[in-house]
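Comments concern the structure below.
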Amino acid sequence: MSEIEATGDLLLFAGQKETVASVAPVTSVSPDASLVESVRAGDKESFGKLYSLYSPMVHGILLARVPRSEVDDLVQDIFLVALKRLHTLRDVNAFGGWLAMIARNRAMDFYRQSRITEELPEDIVGRSFLDTEAREVLAVIRQLPEAYRETLVLRLVEGMTGPEIAQRTGLKAESVRVNLHRGMKILRERLGITETV
């Protein structure tokens with residue numbers, strides 16, 4: 001293409017500037033949002049995919065707040081509630097944050113209910129899912145401020161990366177990064193672990 005033709009193309013494009021600017025902006029729909037739309041249309045398989053994507057996040061949020069023995073049942077409850085209420089979700093791109101809020105609220109509801117429970121003796125239960133050391137660390141994490149507690153459990157227990165936590169929970173990536181950094185610092189201090197440079 002000659003320089004004259006290229007200049008002509010630029011002038012032609014510049015003349016179309018008003019037309020391009022007047023077109024309505026295209027809103028991007030995330031792959032997760034497409035799954036939400038499919039579920040709304042009645043596709044149960046898409047709900048299974050959402051469950052696979054978001055159950056680690058819900059599990060981590062609950063693990064940071066309620067006894068381990070209750071977490072699995074509550075995860076199921078939360079997804080059932082989400083399925084029933086999916087029609088109330090205004091922005092399909094906000095599914096992760098919406099689901100995280102349902103999980104947090106359900107964890108609070110758990111403590112509002114007065115349930116009398118009794119632990120089984122250790123010799124009946126056998127080896128627990130979490131060994132003693134992991135239980136102790138989890139107990140320390142549960143004493144941290146909520147923002148640190150949740151992000152640390154999602155990172156350390158559920159194995160999610162910082163960007164995954166941000167995407168799934170609807171938090172800003174910068175907030176997740178700060179929460180993880182500060183939370184790890186406090187956790188190390190409380191566990192008596194000194195950082196080596």
Cβ pairs under 7 Å, 6+ apart, first in segment 83-111 and at negative phi and surrounded by fewer than 19 Cβ atoms within 10 Å (Cβ to Cβ), second among the small types (Gly, Ala, Ser) and assigned to a helix (DSSP H, G or I): Val92/Ala33; Asn93/Ala33; Ile102/Ala82
Residue within segment 175-197 that is within 26 Å of Asp73 (Cβ to Cβ), β-branched (Val, Ile, Thr), modelled with pLDDT of 90 or more and within 21 Å of the chain's Cα centre (by Cα) present: no
Residues being more than 16 Å from Gly96 (Cα to Cα), without any contact (Cβ under 8 Å) to a residue 60 or more places away in the chain and not in a helix (DSSP H, G or I) - total across segment 155-197: 6
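The values are calculated or read from the model by the stated rules, or taken from the named source; none is laboratory data. Owing to the predicted nature of the structure, the values given are computational and were not obtained by experimental measurement. When we count neighbours, we look across all protein chains shown, and the Cβ atoms used for this are built from the backbone with ideal geometry, even at glycine.
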